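The values are calculated or read from the model by the stated rules, or taken from the named source; none is laboratory data. Everything quoted here is computed from the prediction, not taken from an experiment. Here Cβ is always computed from backbone atoms with ideal geometry, including for glycine, and neighbour counts include all displayed protein chains. Keep in mind that these areas ignore ligands, DNA and RNA; they rest on the heavy atoms of the full protein, side chains included. Shrake-Rupley method; radii C 1.70, N 1.55, O 1.52, S 1.80 Å.
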Amino acid sequence: MPELPEVETVRRGLAPVMEEQEIVRAQINRPDLRWPFPDHMAERLTGARVSRLWRRSKYILADLSTGESLLIHLGMSGRMLVSGDPLGRFVHDHAAPQKHDHVVLDMGQGARITFNDPRRFGAMDLLSTEAAEHHPLLAVLGPEPLGNGFSESYLIGVLKGRKTPIKSALLDQKNIAGLGNIYVCEALFRTGIHPARKVNQISEVRLAGLVPVVREVLQDAIAAGGSSLRDFRQADGELGYFQHSFDVYGREGLPCRTEGCTDTVRRIVQSGRSSFYCPSCQR
Ligand SMILES: [Zn+2]
């Protein structure tokens, strides 16, 4: 499942082929993904020029010359493929249509963007650009972890007195937008906080210490995604999925990576999701 760094990598890959370009053809191959597509979606996209491609949490938004924005969510298995850009960034020929190609956008300069999603947990919607932040999916979100709104005083304030485990509090999208299971596990490992520790049993100094570390784990992953952007131009044009090494995530039973620690990484299940941690390094 793509997390924030993967979605940001997709956005960065799409921006040069979408921004300042006109959508000359929009092909919608089915009535819905996770939700029905908006009415007349192909007509509303055709002829529109993309002015800006931005991200809020795990949503990508394309602001259009029509006053609407196209909202894209990759869901669990959504993939974006870019082909046929004559400017030479994507030299791949258009692939033969695949089974789960649900939306195909042809851009003015010749690039084709294909959204493929076998499990169809992804979503697309059209909304008023002016009111985008009030869209029901976006209005409920807390500040962006890489934005100025996510500060030490903000985090201490929003978590004050909570009796929930820190892991759940950090995954709560009302507190921080777009932070997912993998990067919460990594941030808690780097700060030495046990994922099951209750928020009200963590000092303000330790909570504050999470802010720069959350930014750091995300930025490290986005940097890895950036290298994948350079690589896939020689590969198949697919955006967003890249190899990245984690300290604890997915490493159950393997040695802890802290120097001098002889313990192994453990896995517990919290609210139905796996938490990976080192019992010696995290308290
Ligand atoms: Zn350890």
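Just need a number here: residues in segment 66-85 that are open to solvent by 30 Å² or more (accessible area, probe 1.4 Å), in contact (Cβ under 8 Å) with a residue 40 or more places away in the chain and more than 24 Å from the chain's Cα centre (by Cα).
The qualifying residues number 1.
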Members of segment 28-43 found to be surrounded by 16 or more Cβ atoms within 10 Å (Cβ to Cβ) and either touching a Gly at 6+ places or on another chain (Cβ under 7 Å) or within 16 Å of residue 99 (Cβ to Cβ) (or both), listed by number: 28, 33
Top-ranked residue in segment 241-252 [being touching a strand residue (DSSP E or B) at 6+ places or on another chain (Cβ under 9 Å) and open to solvent by 50 Å² or more (accessible area, probe 1.4 Å); ranked as farthest from the ligand (Cβ to nearest atom)]: 241
So residue 14, is it in contact with a helix residue (DSSP H, G or I) (Cβ under 6 Å, 6 or more places away or on another chain), assigned by TED's automatic domain parsing to the domain that holds residue 119 and farther than 16 Å from residue 75 by Cβ: no
Count - residues of segment 109-132 that are surrounded by fewer than 17 Cβ atoms within 10 Å (Cβ to Cβ), without any contact (Cβ under 8 Å) to a residue 40 or more places away in the chain and at negative phi: 1
Yes/no for residue 19 being in contact with a Lys or Arg (Cβ under 7 Å, 6 or more places away or on another chain) and at pLDDT 95 or above: yes
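Check segment 211-234 and report whether any residue there is assigned to a loop (DSSP other than H, G, I, E, B), at pLDDT below 95, in the same structural domain as residue 268 (by TED's automatic domain parsing) and open to solvent by 60 Å² or more (accessible area, probe 1.4 Å).
As a first pass, look at segment 211-234 and keep what is assigned to a loop (DSSP other than H, G, I, E, B): 233-234.
After this cut, where a residue has to be at pLDDT below 95 as well, the list is 233-234.
Those left that are additionally in the same structural domain as residue 268 (by TED's automatic domain parsing): 233-234.
Okay, now just the ones that are also open to solvent by 60 Å² or more (accessible area, probe 1.4 Å), so 233-234.
Looking for residues that are assigned to a loop (DSSP other than H, G, I, E, B), at pLDDT below 95, in the same structural domain as residue 268 (by TED's automatic domain parsing) and open to solvent by 60 Å² or more (accessible area, probe 1.4 Å), one finds at least one in segment 211-234, hence yes.
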Close pairs from segment 263-283: first under 17 Å from residue 190 (Cβ atoms), partner small (Gly, Ala, Ser) and within 8 Å of the ligand (Cβ to nearest atom), Cβ under 6 Å, at least 6 apart: 263/280
Residue check, residue 281 more than 26 Å from the chain's Cα centre (by Cα), within 16 Å of the ligand (Cβ to nearest atom), surrounded by 15 or more Cβ atoms within 10 Å (Cβ to Cβ) and at pLDDT 95 or above: yes
Looking only at segment 254-272, and only at residues there that are more than 13 Å from the ligand (Cβ to nearest atom) and at pLDDT 95 or above, the one that is surrounded by the fewest Cβ atoms within 10 Å (Cβ to Cβ): 269
